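For reference, the structure discussed in these notes is given below.
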Amino acid sequence: MTTDDLRPDPLSFIREELDDLRSRHLFRPLRVMSSGQGPIVSVDERRLISLSSNDYLGLTHHPRLRAAALQAVRDFGAGSGAVRTIAGTMTLHEDLERDLAAFKGTEATLTFQSGFSANTGVIPTITGEQDLIVSDELNHASIIDGMRLSKAPRKIYKHADTGSLQAVLDEAVEKGREGTGLPYRLILVVTDGVFSMDGDIAPLPGIVAAAESANAAVFVDDAHASGVLGRDGRGSVDHFGLHGRVAIQVGTLSKAVGVLGGYVAGSQDLRDILIQRARPFLFSTSHPPAVAAACREAIKVMQEEPELHDRLWANTKRFKSELGRLGFDTGRSETPITPVMMGDPDTAGRFSERLVDEGVFAQPVVFPTVAIDKARIRTIVTAAHADSQLDRALEAFDVVGRELGLIAG
Ligand code: PMP
């Protein structure tokens, strides 16, 4: 026996943590797809109707995006080879950013490797000790991490509650910075445009009005509003007609746009400072040519094929109202994200497993992503779903819902 055999495993706590997760039905195994993304996917050798992707417009497999990606590989190769500030900025990146700025109606945009890195890049870059971040309590994890990376103090307001936001802002203006009483340099109000677990839309007009009363800047993370809300999917600012009143919009290229990436849309100054300071931009390699080219094509497709957007919303309305008619609690959703409330994580896990038996792939969302008693099956319909596929999915929900006693049998 060597001394190594006697030495306790310093990582043994990981096993204990995993055992604990399993015993509380909170362990989430990865489901592996052997097909591409789409309304029908292959999971564990089975063909299933997928209600689990964020592929709102079906662009992940759109022929024009595939062709653009392939052409970019032929012309420019597989990788970009460096971070943007060294030798990793290609015309493709700059062209995409110009197209995105025109689409969003902003002076400039800057792309990041993901929506997650956009949030963790921009928030600490533009805020510091002399500022205050005011955040909705249900904002996305990447916003929370962005705030953690900032030196700015933060205050949380009640979810989507403009009265609570106003109270926080009034106090911030009245009292000023803790310890000094001096006014904050910047008060930044941060909200998701569409909340990813409930599918509700942020009350942006009220948020903007409250922010303006305190001369605060508004930051909207439109990950789930990109491609979904507004003209041709321009996002929540366009949806509410608030152009020019929201200083910073973050969007993702990984959901409705169908590829991968994130972007920040705002002023030219904002873009310039992010290029100088935002750490994911400075220290992580830029998008491969195929990604930038496919994203660019997607922005064109969104404007040239408006029927995709129409189809997304027609499918959304039908699916949501049918789930309600069957007797399910679908919470406060107003968008293609429709949670089907289950309560405890065990029921959510069993419901999802039974849906697979019935030919439907819809994943449970459990603690810590949502509160322990608010486990749910999160469904997302896309423009690519056919009526017959949605009908079959609804039948499966009906069968399993009655079986597990969630709806009257
Ligand atoms: N913000 C929100 C609100 C999101 O839902 C997500 C993705 N789940 C992100 C940011 C991150 O986007 P990406 O997948 O492009 O990193």
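Can you go through Ser80, Ser42, Ser52 and tell me which one is within 16 Å of the ligand (Cβ to nearest atom) and of a type outside the set (Lys, Arg)?
Result: Ser52 is the single residue among Ser80, Ser42, Ser52 that is within 16 Å of the ligand (Cβ to nearest atom) and of a type outside the set (Lys, Arg).
Here is a check on your reading of the model: is Asp170 under 19 Å from Leu308 (Cα atoms), away from the ligand (no atom under 16 Å from the Cβ), surrounded by fewer than 24 Cβ atoms within 10 Å (Cβ to Cβ) and of a type outside the set (Lys, Arg)? Criteria not met by Asp170. Of the residues Arg245, Arg231, the single one that is surrounded by fewer than 24 Cβ atoms within 10 Å (Cβ to Cβ) and more than 26 Å from Val381 (Cβ to Cβ) is Arg245. Are any residues in segment 173-197 part of a loop (DSSP other than H, G, I, E, B), buried (at least 16 other Cβ atoms within 10 Å of the Cβ) and in contact with a helix residue (DSSP H, G or I) (Cβ under 9 Å, 6 or more places away or on another chain), and if so, which ones? Passing the criteria: Tyr184, Leu186, Gly193.
For segment 103-129, the set of residues classified as surrounded by fewer than 21 Cβ atoms within 10 Å (Cβ to Cβ) and among the charged types (D, E, K, R) consists of Glu107, Glu129, listed by residue number. For segment 41-154, the strands (runs of 3 or more DSSP E) that sit wholly inside it and include 3 or more residues that are modelled with pLDDT of 95 or more and in the same structural domain as Ser388 (by TED's automatic domain parsing) are 46-50.
Is at least one residue of segment 226-246 over 17 Å from Thr106 (Cβ atoms) and either within 16 Å of the chain's Cα centre (by Cα) or not assigned by TED's automatic domain parsing to the domain that holds Pro39 (or both)? Yes, segment 226-246 contains a residue that is over 17 Å from Thr106 (Cβ atoms) and either within 16 Å of the chain's Cα centre (by Cα) or not assigned by TED's automatic domain parsing to the domain that holds Pro39 (or both).
Condition first: part of a loop (DSSP other than H, G, I, E, B) and more than 10 Å from the ligand (Cβ to nearest atom). Now tell me which residues in segment 210-239 satisfy that. Answer for segment 210-239, where residues must be part of a loop (DSSP other than H, G, I, E, B) and more than 10 Å from the ligand (Cβ to nearest atom): Ala214, Asn215, Ala216, Gly227, Val228, Leu229, Gly230, Arg234, Gly235. Residues that are without any contact (Cβ under 8 Å) to a residue 12 or more places away in the chain and either loosely packed, with under 11 Cβ neighbours inside 10 Å or part of a strand (DSSP E or B) (or both) within segment 27-40 comprise Pro29, Leu30, Met33, Ser34, listed in sequence order. Applying the criterion of at least 1 residues that are touching a strand residue (DSSP E or B) at 6+ places or on another chain (Cβ under 7 Å) and of a type in the set (Val, Ile, Thr) to the helices (runs of 4 or more DSSP H) found wholly in segment 274-382 leaves 345-357. Checking the structure you have, find out if any residue of segment 186-197 is farther than 21 Å from Leu59 by Cα, more than 15 Å from the ligand (Cβ to nearest atom) and either not β-branched (Val, Ile, Thr) or not assigned by TED's automatic domain parsing to the domain that holds Ile299 (or both). Checked against the condition, which is being farther than 21 Å from Leu59 by Cα, more than 15 Å from the ligand (Cβ to nearest atom) and either not β-branched (Val, Ile, Thr) or not assigned by TED's automatic domain parsing to the domain that holds Ile299 (or both), segment 186-197 yields at least one hit.
Only one of the listed residues (Leu282, Leu270) is modelled with pLDDT of 95 or more, touching a Ser or Thr at 6+ places or on another chain (Cβ under 8 Å) and in the same structural domain as His93 (by TED's automatic domain parsing). That residue is Leu282. Here Leu242 meets each of (1) within 22 Å of Met147 (Cβ to Cβ); (2) away from the ligand (no atom under 15 Å from the Cβ); (3) assigned to a loop (DSSP other than H, G, I, E, B); (4) hydrophobic (A, V, I, L, M, F, W, C) with one exception, condition (1).
Examine segment 252-260 for a residue that is more than 16 Å from the ligand (Cβ to nearest atom) and assigned by TED's automatic domain parsing to the domain that holds Gly81, and state whether such a residue exists.
Looking for residues that are more than 16 Å from the ligand (Cβ to nearest atom) and assigned by TED's automatic domain parsing to the domain that holds Gly81, one finds none in segment 252-260, hence no.
Condition check for Ser135 on (1) within 16 Å of the ligand (Cβ to nearest atom); (2) surrounded by fewer than 23 Cβ atoms within 10 Å (Cβ to Cβ); (3) of a type in the set (Ser, Thr, Tyr): one failure, at (2).
On the given criteria, is Val259 closer than 15 Å to Asp55 by Cα, more than 12 Å from the chain's Cα centre (by Cα) and surrounded by fewer than 24 Cβ atoms within 10 Å (Cβ to Cβ)? Spelling it out, Val259 is indeed closer than 15 Å to Asp55 by Cα, more than 12 Å from the chain's Cα centre (by Cα) and surrounded by fewer than 24 Cβ atoms within 10 Å (Cβ to Cβ). Picking from residues in segment 262-273 that are crowded, with 24+ Cβ neighbours inside 10 Å and away from the ligand (no atom under 11 Å from the Cβ), the one that is farthest from Leu96 (Cα to Cα) is Gly266.
Within the set Phe195, Phe240, Phe219, the sole residue that is closer than 30 Å to Glu307 by Cα and free of Cβ contacts under 8 Å to residues at least 40 places away in the same chain turns out to be Phe240.
The values are calculated or read from the model by the stated rules, or taken from the named source; none is laboratory data. What you see is a predicted model, and the numbers here were worked out from it, not measured in a lab. Cβ: placed from backbone, ideal geometry, glycine included. Neighbour counts: every protein chain shown.
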